[in-house]
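The values are calculated or read from the model by the stated rules, or taken from the named source; none is laboratory data. These numbers were taken from a predicted model, which means no experiment stands behind them. Neighbour counts are summed over all protein chains in view; Cβ atoms, including those assigned to glycine, are modelled from backbone coordinates with ideal geometry.
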Amino acid sequence: MNHNQDPHDRRRLTDRPAALVLAFSLLLAWAPPLLAGPIEQVLAMDQASLVVGPAGQRLINHHASTPMIPASTMKLVTALAAIERWGLAHRFTTEVLLDANRRLWIKGGGDPYLVAEEIDRLVQALKTGGLDRVSGLGLDDGLYASDLRVPGRSGSNNPYDAPLSALAVNFNTVNLSIGQAGIRSGEPQTPLTATGLRLGAGLGAGTHRINLGTRASALTYFAEILTAKLRQAGIQVEDDLLMGPVPASAKRLHAHANSRSLEQIIRGMLEYSNNFVANNLFLLLGERAGETNFAQAQQQIEDWARRKFGWRNFRIEDGAGLSRGNRLSGEQLIELLGALADYRPLLPEQDNEPRVRAKTGTLSGVSCYAGFVERPGGWVPFSLMINQPAPHDLRRRLAQALADAPTLATPAP
């Protein structure tokens with residue numbers, strides 16, 4: 001050591017280990033939110049709610065009564081309301097009628113799962129019934145209000161932004177395959193139509209599933225698919241399309257009941273988070289005297305929730321969770337899950353984790369997860385709502401931690 005060194009410098013060298021210890025201690029004091037497990041990370045968030053366990057048996061109770069944006073966990077509300085209204089065995093129907101001029105009329109009943117394979121079944125029933133020729137098609141979409149606006153729906157061409165209509169095929173989306181051979185249908189059961197060619201014209205190579213954009217386009221596409229299917233079955237169809245109410249004199253030929261039950265529809269809706277299905281169910285729950293709109297459905301579902309659960313501080317604007325105006329609290333979701341306990345198998349199983357059955361919810365800055373986790377004592381309901389930026393995998397890691405943790409408790413403030 002240089003004995004001519006300033007004594008202050010020597011003291012700084014002597015004190016350096018102590019300074020390092022102090023710095024490391026400060027790092028540890030600051031680091032727990034980063035190093036902690038997923039449960040602790042959520043409990044450290046200002047805009048997050050985590051509730052685990054039913055009332056009276058709470059394991060975690062963090063911001064339980066705070067209303068938050070639920071995103072697609074709102075589909076659990078729609079699912080329960082639909083089950084209670086119709087029952088799991090219910091099948092949605094679509095009426096087919098023939099007027100005096102041999103125009104074939106289709107009266108939309110809001111069947112959310114009227115996919116191409118169902119159109120095949122409908123057409124086969126008409127063929128079996130002896131139908132061989134029609135002068136044109138008529139589409140009656142009057143069940144839904146003409147000025148229908150979906151809360152939270154954006155103008156993207158993504159499938160989750162599909163328009164709603166009481167008559168729809170393939171969830172008002174089109175699946176296209178584009179390559180060197182040009183534009184082709186992306187699925188064998190669905191013929192390529194003029195609407196598909198128009199929508200595919202500006203797309204690059206690859207497979208695309210896009211929505212039909214507008215209700216008018218959706219109805220035109222339905223007529224194109226039905227016309228193609230009728231002709232494939234050997235039924236002559238003139239290219240003459242009318243849209244409006246079914247004439248009073250038209251006679252019913254067939255009432256097509258969907259091959260899928262409500263149980264199957266709800267299972268698919270929750271697994272694939274299908275906004276089109278959820279909001280069609282939502283609108284049908286609001287139907288009165290043959291008409292429905294979002295205002296009616298909102299009032300109907302909110303009144304149902306007040307009667308069933310006694311909820312007060314909440315807001316339901318759509319059935320899919322698209323709207324950022326929706327508000328539910330964690331304890332309200334737990335109450336809902338209590339009523340859904342017998343229907344737990346309808347909820348999606350978390351990837352590679354059979355101990356978790358839950359529904360995700362995602363919007364920009366919103367990450368939610370609600371359902372059931374299996375612990376040593378049995379299945380336990382949980383609700384997670386994060387209304388701030390969060391790691392995309394946090395909710396799944398949290399559910400895993402809820403299943404693995406030997407004990408659970410909300411830490412004392």
- Message: Considering only the stretch 82-98, I want to know if a residue exists there that is surrounded by 22 or more Cβ atoms within 10 Å (Cβ to Cβ) and part of a helix (DSSP H, G or I).
- Response: yes
- Message: The conditions are (1) farther than 25 Å from Gln189 by Cα; (2) buried (at least 20 other Cβ atoms within 10 Å of the Cβ), and Val123 fails exactly one of them. Which is it?
- Response: (1)
- Message: One residue is enough: does the stretch 116-127 have a residue meeting the conditions among the charged types (D, E, K, R), in the same structural domain as Phe222 (by TED's automatic domain parsing), within 20 Å of Ala166 (Cβ to Cβ) and assigned to a loop (DSSP other than H, G, I, E, B)?
- Response: no
- Query: So which pairs qualify, if the first residue must be in the stretch 294-309 and within 17 Å of Glu84 (Cα to Cα), the second must be aromatic (Phe, Trp, Tyr), the Cβ gap must be under 6 Å, and the two must be at least 6 apart or on different chains?
  - Reply: Ala297/Phe282; Ala305/Trp311
- Whichever residue in the stretch 266-321 is assigned to a loop (DSSP other than H, G, I, E, B) and small (Gly, Ala, Ser) and, among such residues, is surrounded by the fewest Cβ atoms within 10 Å (Cβ to Cβ): Ala289
- In the stretch 194-252, what residues are of a type in the set (Lys, Arg) and either without any contact (Cβ under 8 Å) to a residue 24 or more places away in the chain or in contact with a helix residue (DSSP H, G or I) (Cβ under 7 Å, 6 or more places away or on another chain) (or both)? Arg198, Arg209, Lys229, Arg231
- Query: What's the number of the condition Ser329 fails, among (1) closer than 21 Å to Asn158 by Cβ; (2) surrounded by 16 or more Cβ atoms within 10 Å (Cβ to Cβ); (3) hydroxyl-bearing (Ser, Thr, Tyr)?
  - Reply: (1)
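Matching residues to (1) within 26 Å of Gly290 (Cβ to Cβ); (2) assigned to a helix (DSSP H, G or I):
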{"position": "Thr220", "(1), (2)": "yes, yes"}
{"position": "Ile225", "(1), (2)": "yes, yes"}
{"position": "Gly234", "(1), (2)": "no, no"}
{"position": "Asp239", "(1), (2)": "no, no"}
{"position": "Val246", "(1), (2)": "yes, no"}
{"position": "Arg252", "(1), (2)": "yes, no"}
{"position": "Ala255", "(1), (2)": "yes, no"}
- Message: under 17 Å from the mean Cα position of the chain (by Cα) and either in contact (Cβ under 8 Å) with a residue 12 or more places away in the chain or crowded, with 21+ Cβ neighbours inside 10 Å (or both): is that true of Leu398 in this structure?
- Response: no
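Residue-wise test of (1) out of contact with any Ser or Thr (no Cβ under 8 Å at 6 or more places or on another chain); (2) in the same structural domain as Ala64 (by TED's automatic domain parsing); (3) more than 16 Å from Ala79 (Cβ to Cβ); (4) modelled with pLDDT under 95.
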{"residue": "Glu287", "(1), (2), (3), (4)": "yes, yes, yes, no"}
{"residue": "Phe294", "(1), (2), (3), (4)": "yes, yes, yes, no"}
{"residue": "Arg315", "(1), (2), (3), (4)": "yes, yes, yes, no"}
{"residue": "Gly319", "(1), (2), (3), (4)": "no, yes, no, no"}
{"residue": "Gln332", "(1), (2), (3), (4)": "yes, yes, no, no"}
{"residue": "Glu335", "(1), (2), (3), (4)": "yes, yes, no, no"}
{"residue": "Pro345", "(1), (2), (3), (4)": "yes, yes, no, no"}
{"residue": "Gln350", "(1), (2), (3), (4)": "yes, yes, yes, no"}
- Query: Would a scan of the stretch 179-186 turn up a residue that is at pLDDT 95 or above, among the charged types (D, E, K, R) and surrounded by fewer than 17 Cβ atoms within 10 Å (Cβ to Cβ)?
  - Reply: yes
- Failed condition for Glu335, given (1) part of a helix (DSSP H, G or I); (2) without any contact (Cβ under 8 Å) to a residue 60 or more places away in the chain; (3) among the acidic types (Asp, Glu), with all others met? (2)
- Task: Spot the failing condition for Leu230; the list is (1) within 23 Å of Asp120 (Cβ to Cβ); (2) among the hydrophobic types (A, V, I, L, M, F, W, C); (3) modelled with pLDDT under 95, and only one is missed.
- Result: (3)
